[in-house]
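The values are calculated or read from the model by the stated rules, or taken from the named source; none is laboratory data. Since this is a predicted model, take the numbers as computed values, not measurements. Please note: Cβ atoms are built from the backbone with ideal geometry, for glycine as well, and neighbour counts cover all protein chains shown.
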Amino acid sequence: MSTAENLLDGQLAHVATVALNRTGKKPSPATVWRWCKRGLRGGTIKLQAIYHSGYWQTTPEAFNAFLKAQTEAAKAGNSGDATDESLKAAGLLQ
């Protein structure tokens with residue numbers, strides 16, 4: 001089953017609304033776009049969402065999985081060492 005099919009089986013809501021209900025803070029439209037399109041940690045963590053009627057929508061379950069993935073990556077210490085190595089190789093970082 002595809003991501004869209006999984007999401008359509010759940011209770012869809014605007015990403016900003018789901019985030020507000022879960023965290024108590026409403027993210028900016030730019031933040032919502034980044035979570036859904038570009039992702040975090042070099043694109044390795046993305047929020048599963050669909051674009052419908054001009055808004056990014058997701059389910060509370062998908063948002064919780066997104067938060068869990070961020071937490072696991074932070075605990076694993078994936079702090080962008082590969083990026084530092086790439087910058088050093090390009091001569092931009094010493």
Residues being in a helix (DSSP H, G or I) and under 17 Å from residue 13 (Cβ atoms) - total across segment 32-54: 4
Output for segment 17-26, where each listed residue is surrounded by 14 or more Cβ atoms within 10 Å (Cβ to Cβ) and touching a residue at least 12 places away in the same chain (Cβ under 8 Å): 18, 19
Residue list for segment 42-88, filter: of a type outside the set (S, T, N, Q), on the phi > 0 side of the Ramachandran plot and modelled with pLDDT of 85 or more: 54
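Being assigned to a helix (DSSP H, G or I) and exposed (fewer than 15 other Cβ atoms within 10 Å of the Cβ) is the filter; apply it to segment 1-16 and report the residue that is modelled with the highest pLDDT. Step through it out loud before you land on a result.
Going residue by residue through segment 1-16, those that are assigned to a helix (DSSP H, G or I) are 3-8, 15-16.
Going one step further and asking which of them are exposed (fewer than 15 other Cβ atoms within 10 Å of the Cβ), we end up with 3-6, 8.
Details: 3: 66, 4: 68, 5: 71, 6: 71, 8: 74.
Filtering segment 1-16 for residues that are assigned to a helix (DSSP H, G or I) and exposed (fewer than 15 other Cβ atoms within 10 Å of the Cβ), the one modelled with the highest pLDDT comes out as 8.
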Filter result (surrounded by 11 or more Cβ atoms within 10 Å (Cβ to Cβ) and either polar (S, T, N, Q) or within 14 Å of residue 56 (Cα to Cα) (or both)) within segment 27-44: 27, 29, 31, 32, 33, 34, 35, 36, 37, 39
